[in-house]
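Student: Here it is, the structure, as structure tokens.
The values are calculated or read from the model by the stated rules, or taken from the named source; none is laboratory data. Remember, predicted model here, so these are calculated numbers, not experimental data. Please note: Cβ atoms are built from the backbone with ideal geometry, for glycine as well, and neighbour counts cover all protein chains shown. Accessible surface is based on the protein model in full, side chains and every heavy atom, while ligands, DNA and RNA are left aside. Shrake-Rupley method; radii C 1.70, N 1.55, O 1.52, S 1.80 Å.
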Amino acid sequence: MNWNSDILAAVPQKMIQIANPFWYIAWFTVGVVILVAWDRTRLKALYAIKTGWVGFSIFAMLWVIISSMGTSKDFVQSPEKALTQFFDYHNPITFGALLACAACLAGILILAVLLARHPQMSPPRKYTIFAGQTTLGAAGLLALLAGAHLNGFSHWYENYVRAWTIARMGEYMLNSVMISVGSVGLIILCSAMATYALTKLEFPGRDGILYLFVAAMAIPAQLILVPLFLMLRHWHIQTLDFSFMDSRFGLIIIYTALSLPFTIFLLTGFFRSLPTELAEAAAIDGCSEFRTFSQIYFPLAAPGLTTAAIFNFIGIWNEYNFALVFITNPQIKTLPVGLYYLVVTQQYAAEWPALFAGIVILFVPTFLIFLILQKQIIAGLTLGGVKG
Amino acid sequence: MIVRGKHAKIRQALIALAMLAPSLLLFGVFVGYPAVEAFRISLYDWTGFSPQADWVGLKHFRGMFGPTVWAMGVPFGLALLAALVIGGLFGRSRSAPPDPRLRRRLNPKWAWAPTLAVLSAWLVWWLYGTNDGDDFFRWCVRNNFRLMFVGGIFQFVFAFLFAAGLSMPKFRAAKFYRTMIFFPSFVSAVGVAILWQRVCDARYGLANGVIEGAANAVSHVISYVHPIHLAVAPIEWLGSDNMFNSIIAAGIWSGVGSQMILLVAAIQRIPPTYYEAARVDGANERHVFSHITIPMIREVILITLTLWVIGALKVFGLVQAMAIQLDEKTSVVSVRQYELAFSNRDNIYQMGYATAMAVVLLVLIVVFALGLRLLRSEDELEF
């Protein structure tokens, strides 16, 4: 009996039959349920699930980042080669850089232990430690990159340079920034005024307009995509040479109009929680309604406006459907559309590392914004979801 | 603001109008008017570029569902009528209860339940029981539903487990886990789609790489005892059979975070006194879970589910960017609509038919959102 060929014949067949993402997830779930039932404190099992989930996410991200620093030939033949440019022990420069990096890592860990030992530490000292950790991390990363660079390796940034220039990711990012910032400014201005009028002023038909905006949140964007396209195709202002198609400003206007219902709905709660007495006092002192809005209520509603701004910014930064339809000119494409066309046009058919560099360029700004504003994002999400 | 005097009232109304004007104008021109126009366009045959749009009436809707479904409209319509009547009787019984004892049992919101039941029976029969009409479109709706149910169940289970862990006071490094699980919800759907497309690639992808590595490790260990090498055939994660499952997996990965955050916030809002009181009364963990935690976060669970259902029906970027080949097994309604209206594969733009699909999508979204609203509890808990 030939064990080898038997197993070779049997195993792949089995693997193919059950190799299906659905079944993998199903097994994972069954395992999780067993773990949860088995563990009385429920804590170990939950750690296991979460570590598995987060571990996968980190592993995938690292795969993308590390591969994006190598050449495409290495990626196909031996993917681990992307790392060896940083871990060349025979070269004194790279070895020194590795030692420096290890020292930085040790410093970060020591600071983390300090922080964990003293949970009641005063905020200034805590922030000093955070700053120290950040500095050490940056220094370690820089040492690693500098070591590779001084050693003559330039693979690690070549893909990024190519994605940024040849694949035009730089331009796309600039467009995304302009469109997102412009729309968010316009949205905040319009919706703050509208919400103030809808909550603090009295006029006939107020509730009707509010209901109109709330009901409009149910309209899927797909419903208005085609009619809007057919309508805006013909709108062309000759004297200004302005058209809604292929124009950043046109997209800003469309995004603003689309985001208004949700933003007004979100802000209504904030404005309602502000006391009306302020407006009355201002009116007695002879303050006009516009000044009451701009100098009293607008600053008071700042937390709500910040939340709305963050949500709209991220939504518009990631928006894909309308940008895909209304923009064909490569000079004004946004990041998601640009990345999609990078895949479609097969500019990098066999060049995964360059595509990975594009993915990293797409992910990094979102990740930074997310890390910095996480508290506000969570507060806004809970406010919009739990109370809405 | 309280105003006295007729002139002051008119003045305030004018000021309010001035402050509302930009929003109303933008909304009316770029959302309101197109939304109404969509219903009109769905009644025309129009390539979008020919000057003439031909009035075809309900042809698109007829062709979409096929003659059998419309013929069955007679019995289903009768059932619908009966459901409406029954529901109406149900609903009326509260305003004028014949018997005071019935007041608690009959809730007017359930008046809509039979109607929704008949509508969903019709829908299910069309999706899985018939064979005519636009086959491609039916596959698209099926895929939407598959994403909604399969993805929704797994996503909710994981979101709930993660939320349970994060809201435990003993859980260490909660912030790190929260960030890492929540982050994928905020990345562009296109980014997620392309990342997963590459992870699932059969030749160079991460998933097959990990499986191959595991097989190599196992055979290395076994080879100390017996000379053997386990060869694993690369799995076609992006083959036409597995493609949509991979898309669902990507959707789960990116969607768990926001659901988890909502659930965590809801769990943490429950006052600890409730738990303490229950413990004093001798309730065990299971009692606390089923009698305090679940009822207290019931509303949020329903909001979470509603958001997911609407999101799964509207999904576009994830599918459009991730599918290698947009055939009937991998397409969804909004992607099909985009293909018909803007992507000239056959050099024919079918604006009218694409808009008719969007109208059906709107109906589906409204029906599902209203259906989930029925499950909301009557008595609002204030705490």
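Student: What nm distance separates the two modelled labels at A:Phe59 and A:Tyr127, each placed 7 Å from Cα along Cα→Cβ?
Tutor: 3.9
Student: If one takes the longest principal axis of the Cα atoms in chain A, at what angle in degrees, from 0 to 90 and to the nearest 10, does the Cα axis of helix A:206-216 lie?
Tutor: That works out to roughly 30 degrees.
Student: Still on this model: Roughly what % of Cα-Cα distances in region A:329-378 sit above 13 Å, to the whole percent?
Tutor: Details: 789 of 1225 pairs.
Tail of the P(r) past 13 Å holds 64 percent of the pairs.
Student: Follow-up. Regarding region A:163-387, what whole-number volume in Å³ per residue does the convex hull of its Cα atoms give?
Tutor: On the way: hull volume 36.1 nm³, N = 225.
Looking at region A:163-387, the number lands at 161 Å³ per residue.
Student: Can you bin region A:13-157 into rounded, prolate or oblate? Criterion: square roots of the alpha carbon gyration tensor eigenvalues sorted a ≥ b ≥ c, rounded for a/c under 1.5, prolate for a/b above b/c, oblate for the rest. Before the final figure, lay out each step's value.
Tutor: Working: a/c = 3.31, a/b = 1.18, b/c = 2.80.
Verdict is oblate for region A:13-157.
Student: Could you tell me which of rounded, prolate or oblate describes region B:153-228, using a ≥ b ≥ c as the square roots of the eigenvalues of the alpha-carbon gyration tensor, with rounded for a/c under 1.5 and, failing that, prolate when a/b is larger than b/c and oblate otherwise? Walk me through the numbers before you get to the answer.
Tutor: Values: a/c = 3.16, a/b = 1.56, b/c = 2.02.
The shape class here is oblate.
Student: Right, another one. Would you mind working out the accessible area per residue for region A:245-388, using a 1.4 Å probe, and quoting it in Å²?
Tutor: Numbers: 5560 Å² over 144 residues.
For region A:245-388, the per-residue accessible area is 39 Å².
Student: Now for a different question. Rounded to the nearest 20 debye, what is the charge dipole size of region A:148-237 about its Cα centre when +1 sits on each Lys and Arg Cβ and -1 on each Asp and Glu Cβ?
Tutor: Numbers: 5 positive and 4 negative charges, 23 e Å.
The dipole of region A:148-237 has a size of about 100 debye.
Student: Let me check I've understood the local charge: for B:Leu370, count other residues with C-beta under 12 angstrom from its C-beta, Lys and Arg +1, Asp and Glu -1. What total comes out? Walk me through the intermediate numbers first.
Tutor: On the way: positive: B:Lys109, B:Arg373, B:Arg376; negative: none.
Its environment carries a net charge of +3.
Student: Another question, then. Return the long-range amide H neighbours of B:Asp45 (sequence gap of 5 or more, or a different chain), with a cut-off of under 5 Å between placed amide H atoms.
Tutor: Amide H to amide H, under 5 Å and 5 or more residues apart or across chains, B:Asp45 pairs with B:Asp54, B:Trp55, B:Val56.
Student: How much mean residue ellipticity at 222 nm does chain B get from its helices, if each DSSP H run of length 4 or more adds -39500 (n - 2.57) and you divide by all residues, to the nearest 500 deg cm²/dmol?
Tutor: On the way: 18 runs with 249 residues, N = 383.
That comes out to -21000 deg cm²/dmol.
Student: Efficiency by 1/(1 + (r/R0)^6): what FRET value for A:Ile284 and A:Asp207, r their Cβ-Cβ distance, R0 = 22 Å, to the nearest 0.05?
Tutor: 0.25
Student: Also, quick follow-up: Got a number for the accessible area of A:Phe367? Probe 1.4 Å, square angstrom, nearest 10.
Tutor: The accessible area of A:Phe367 comes to roughly 60 Å².
Student: Which ³J(HN,Hα) values, rounded to whole Hz and listed in residue order, are derived for region A:72-80 from phi using the Karplus coefficients 6.51, -1.76 and 1.60 in 6.51 cos²θ - 1.76 cosθ + 1.60 with θ = phi - 60°, glycine and proline given as x?
Tutor: Values, residue by residue: 6, 5, 4, 4, 6, 7, 8, x, 5 Hz.
Student: Within the P(r) computed for the protein assembly as shown, what percentage of the Cα pairs occupies the region above 38 Å?
Tutor: Details: 144371 of 296835 pairs.
Everything past 38 Å amounts to 49 percent.
Student: Please list, in order along region B:28-37, the HN-Hα scalar couplings obtained from phi with the Karplus expression 6.51 cos²θ - 1.76 cosθ + 1.60 (θ = phi - 60°), rounded to whole Hz, x for Gly and Pro.
Tutor: Calculated HN-Hα couplings, in order: x, 6, 9, 10, x, 4, x, 5, 6, 4 Hz.
Student: Sticking with this structure for a sec: Over chain B, one equal point on each Cα, no solvent: what is log10 I(q)/I(0) by the Debye formula at q = 0.10, 0.11, 0.12 Å⁻¹?
Tutor: These q points yield log10 I(q)/I(0) values of -0.96, -1.10, -1.21.
Student: Counting Lys and Arg as +1 and Asp and Glu as -1, what is the net charge of the other residues whose Cβ lies under 10 Å from the Cβ of A:Asn175?
Tutor: Values: positive: A:Arg168, A:Arg248, A:Lys333; negative: A:Glu171.
Local net charge: +2.
Student: Give the residue list of trypsin sites (Lys or Arg not before Pro) in region B:106-179 that are DSSP loop and have at most 13 other beta-carbon atoms within 10 angstrom.
Tutor: Details: sites: B:Lys109, B:Arg138, B:Arg142, B:Arg146, B:Lys170, B:Arg172, B:Lys175, B:Arg178; in loops: B:Lys170, B:Arg172.
Sparse-neighbourhood loop trypsin sites (Lys or Arg not before Pro): B:Lys170, B:Arg172.
Student: Could I ask something else about it? Around B:Met243, what is the net charge, scoring Lys/Arg as +1 and Asp/Glu as -1 over all other residues with Cβ under 11 Å from its Cβ? Provide the component values of the computation, followed by the final result.
Tutor: Numbers: positive: B:Lys329; negative: B:Glu236, B:Asp241, B:Asp327.
Computed value for this residue: -2.
Student: Taking beta carbons within 10 Å but only from partner chains, what does the mean come to for residues A:49-59?
Tutor: Details: counts 4, 13, 2, 0, 8, 9, 1, 5, 5, 1, 3.
That works out to 5 on average.
Student: Can you give me the Kirkwood hydrodynamic radius for chain A, using every pair of distinct Cα atoms, in Å to one decimal? Spell out each step's value before the answer.
Tutor: On the way: mean 1/r = 0.0383 Å⁻¹.
When all Cα pairs of chain A are included, the Kirkwood radius is 26.1 Å.
Student: So, one more: For the pairing of chain B with chain A, what total accessible surface becomes buried, with a 1.4 angstrom probe, in square angstrom to the nearest 100? Could you put the intermediate results ahead of the total?
Tutor: Values: alone 23920 and 24300 Å², together 37850 Å².
Summing both chains' loss of accessible area gives about 10400 Å².
Student: Follow-up question, since we're still on this one. How large a share of the accessible area of region A:119-204, in percent, is made up of carbon and sulfur atoms when the probe is 1.4 Å and the other protein chains stay in place? Present the calculation step by step, with values, prior to reporting the outcome.
Tutor: Numbers: 3070 of 4270 Å².
Reported share for carbon and sulfur atoms: 72 percent.
Student: Ignoring everything except DSSP H segments at least 4 long, calculate the 222 nm mean residue ellipticity for chain A; use -39,500 (n - 2.57) per segment, divide by total residues, nearest 500.
Tutor: Numbers: 17 runs with 287 residues, N = 388.
So the calculated ellipticity at 222 nm is -25000 deg cm²/dmol.
Student: Hey, another quick one. Indicate the gyration tensor shape class of region A:156-219 (rounded, prolate or oblate), computed on the Cα atoms with a ≥ b ≥ c the square roots of the eigenvalues: a/c under 1.5 is rounded; otherwise a/b larger than b/c is prolate and the rest oblate.
Tutor: Numbers: a/c = 6.31, a/b = 3.50, b/c = 1.80.
Prolate, because a/c is 1.5 or more and a/b exceeds b/c.
Student: On a 1.4 Å probe surface of the protein chains, which of A:Leu35, A:Leu212 comes out largest in accessible area, and what is the full order? Don't jump to the answer; show the numbers that get you there.
Tutor: Numbers: A:Leu35 60, A:Leu212 85 Å².
Heavy-atom accessible area, descending, gives A:Leu212, A:Leu35.
Student: Determine which lysines satisfy two conditions relative to B:Lys175: a Cα distance under 28 Å, and not lying fewer than 8 residues away in the same chain.
Tutor: Qualifying lysines at Cα under 28 Å: A:Lys44, A:Lys50, A:Lys126, A:Lys375, A:Lys387.
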